[in-house]
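I have placed the structure first, in the form of structure tokens, so that the comments after it can refer back to it.
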Amino acid sequence: MKIGKKLVLFLLGILLLTGCAKPNEQIQKTGLHLNTVIQVTLYDAAQEPLLEECFRMADEYEQMLSATVEGSDVWNINHNGHKGVLVKDETGYLLEQALGYAKQTNGAVDPTIGAVSTLWDFSSEKKEREVPNADLIKQACTYIGYDKVIFTKQAEGYLVKTTDENVRVDLGFIAKGYIADKMKEYLLENHVEHGIINLGGNILTIGAKPTGDLFSIGIKKPFSENGETITNISVKDKSVVSSGIYERYFEKEDKLYHHILDTETGYPIENDVYHVTIVSESSMQGDALSTACLVLGKDKGMELIEQTPDCEAIFITNTYEIYKTSGLK
């Protein structure tokens, strides 16, 4: 999949700011993985080998979890799942978690969205993009349903079986968060006390800054061309995951089509929310719930987060009003 022009410009800007690190100074590594720009920042030059390992991990997980990498666990499920496929423990665990969030949100997010999401082209640089055929979308929706994936734990991994050969798994709503959590786990095991992981909007902080200051995370104003922020949040040792309908979209005949799809209709969701930010302990949780809240809308989304322990949210509506859950007020 191609990287959008905005991401490339963002990457170039980061590279200009990143120089040779000196002892006890901030060090960064930036690259293109997981179809986005990722960056890891640490605060000790002696930890530079840990940066390299984080990016090796990103590549390993991409080869395991991407639906478009031939031979990955997800690719194998999508091509032979109806016969039964043995996948790695981590893939099985992540799929289990994804199905759990599907049940929790009554299908607002669903890992079987792949049958529909593959019909849409939101990442292409083509000037003219087309809305998929309505009959194809309708047919693809019949293959969506978290009850269409059956798995059992085996000694050597998970055996995954789909109920129909046309079921397609897409872990895009949860995978980056899981990978960010695994990177943080690795860095903590190697005694990192201060750092920040940014996987294209999935931000996960380790402690605070060496000065003791909190990390200040800017929340982008939806559809802003110059990266303008509409608010910010200061955190320590937290995950901050943002999702918005402005991240990938195109316009056709004066109508905007974005990448957050309704699992019932197969079309982009239409409600009162432009953007959701989730603040939580787990980036995987934040990843899943940020997408779910975009689908559910402000009222149902706020209700979901208020009922979820140790989790807060910021909603930006289509009139640019900002709403925060009670723990952030």
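Just checking, how many residues over region 184-198 are outside any loop (DSSP other than H, G, I, E, B) and open to solvent by less than 60 Å² (accessible area, probe 1.4 Å)?
Adding up the residues that qualify gives 7.
In contact with a Lys or Arg (Cβ under 7 Å, 6 or more places away or on another chain) and on the phi > 0 side of the Ramachandran plot: is that true of residue 34 in this structure?
Criteria met by residue 34.
Return the total of residues in region 67-109 being free of Cβ contacts under 8 Å to residues at least 60 places away in the same chain, surrounded by 16 or more Cβ atoms within 10 Å (Cβ to Cβ) and in a loop (DSSP other than H, G, I, E, B).
Total meeting the criteria: 1.
Taking residue 113 as the residue in question, decide whether it is more than 18 Å from residue 287 (Cβ to Cβ), among the hydrophobic types (A, V, I, L, M, F, W, C) and either outside any loop (DSSP other than H, G, I, E, B) or in contact (Cβ under 8 Å) with a residue 24 or more places away in the chain (or both).
no
Can you name the residue in region 18-53 that is under 30 Å from residue 112 (Cβ atoms) and open to solvent by less than 60 Å² (accessible area, probe 1.4 Å) and, of all such residues, is modelled with the highest pLDDT?
Residue satisfying both the conditions and the ranking: 38.
Please indicate, with yes or no, whether at least one residue in region 286-295 is within 20 Å of the chain's Cα centre (by Cα) and of a type in the set (Val, Ile, Thr).
Yes, region 286-295 contains at least one residue that is within 20 Å of the chain's Cα centre (by Cα) and of a type in the set (Val, Ile, Thr).
The values are calculated or read from the model by the stated rules, or taken from the named source; none is laboratory data. If you're wondering where the values come from, they're calculated on a predicted model, not measured in any experiment. Here Cβ is always computed from backbone atoms with ideal geometry, including for glycine, and neighbour counts include all displayed protein chains. Remember, those area values only see protein heavy atoms, side chains included, never the ligands or the DNA or RNA. Shrake-Rupley method; radii C 1.70, N 1.55, O 1.52, S 1.80 Å.
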